[in-house]
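Here's the structure, in structure tokens; my notes come after.
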Amino acid sequence: MALHDLGAAVRRLRENTDPAAAGLPAGRRRTRGLRREELAELAGVSADYVRRLEQGRRHPSAGVVTAIARALRLGRSDYERLCALAGYAAVDGQVPREAGAAALRLLERFGGTPAFLADPAWNVVAVNGAWLALQGGGTTGHARDWNVAWRTFCNARQGISRTDEHAAGFRAMLAARLRDTSLRYPADTSLAELVDELRSTSRSFDALWRAPEPVGAYENRAVFRHPDGGDIRLDGTLLEVPGDGLMAVVLTAAPRSADADRLGDVVRASGTPPVVRVGQTGPG
């Protein structure tokens with residue numbers, strides 16, 4: 001019975017949604033509200049999925065419920081009711097952006113290993129001295145300089161390069177994780193603004209947003225070109241920091257390799273501080 005109630009609620013809300021309010025042209029329509037195909041496009045699911053959902057034959061995930069609510073521009077009460085009918089608690093709040101003392105100590109403990117902390121929207125909040133020693137491209141003065149997704153899709157750093165395969169995998173991972181974050185934090189306006197900017201300025205990001213690619217393990221092999229002309233090849237590892245809701249990205253060189261020796265030399269010569277808090281706007 002609950003699924004039928006959920007389906008009926010979705011259909012009613014869809015039929016009562018003003019197309020213009022959902023960002024669609026009104027035009028001449030045979031039926032009121034949004035068509036199933038339009039809701040499906042806005043929510044990132046198929047029209048058949050919406051049909052089955054409205055017939056009470058699908059149990060959506062919490063993320064799909066939130067995506068439908070955002071597509072329909074629902075108010076808080078309607079969103080909470082949909083969540084309740086689907087058996088979930090409503091999601092709210094802002095993306096966590098503060099690094100606690102323990103997370104900063106973790107960053108410091110990596111010592112000669114480049115690492116940085118990022119929030120779920122890929123805003124870098126702190127870096128360690130080894131990361132600064134790499135000098136992977138200068139800042140541009142843009143407000144989103146310290147956002148990894150923005151630097152990757154809109155203004156890539158010249159001092160960092162990847163093979164086509166690793167670049168494609170890295171972009172797919174960024175878009176997928178950012179999409180999950182937007183579903184978890186639908187009330188975060190700064191996150192919504194970031195996504196809108198990425199979709200409007202980057203065709204590749206918009207394509208990945210509309211049709212997400214399956215992403216397995218985190219892959220981030222990159223070449224850092226130091227200002228003195230030396231290249232350092234590093235592999236990235238993504239670690240979750242549950243207490244603060246942050247991510248730690250750690251870059252390592254192959255053991256006993258020329259890259260490891262080169263990295264050690266660069267870090268020892270840098271004289272950078274152990275940890276530096278940075279803006280919420282990231283290294284690519």
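Here's the yes/no breakdown for (1) assigned by TED's automatic domain parsing to the domain that holds A20; (2) at pLDDT below 85:
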{"position": "R70", "(1), (2)": "yes, yes"}
{"position": "R76", "(1), (2)": "yes, yes"}
{"position": "L82", "(1), (2)": "yes, no"}
{"position": "V95", "(1), (2)": "no, yes"}
{"position": "R109", "(1), (2)": "no, no"}
{"position": "P114", "(1), (2)": "no, no"}
{"position": "A121", "(1), (2)": "no, no"}
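Just one of (1) at pLDDT below 85; (2) assigned to a helix (DSSP H, G or I); (3) exposed (fewer than 13 other Cβ atoms within 10 Å of the Cβ) fails for D48. It is (1). If you check A103, A149, A168 for being in a helix (DSSP H, G or I) and in contact with an Asp or Glu (Cβ under 6 Å, 6 or more places away or on another chain), only one passes: A103. Within segment 196-210, restricting attention to residues that are out of contact with any Lys or Arg (no Cβ under 8 Å at 6 or more places or on another chain) and in a helix (DSSP H, G or I), the residue that is nearest to A40 (Cα to Cα) is R210. On the given criteria, is L117 in contact with a Pro (Cβ under 9 Å, 6 or more places away or on another chain) and crowded, with 21+ Cβ neighbours inside 10 Å? No, not satisfied.
The values are calculated or read from the model by the stated rules, or taken from the named source; none is laboratory data. From a predicted model like this one, the values you see are computed outputs, not experimental measurements. Cβ sites come from the backbone with ideal geometry, for glycine too, and all protein chains shown count toward neighbours.
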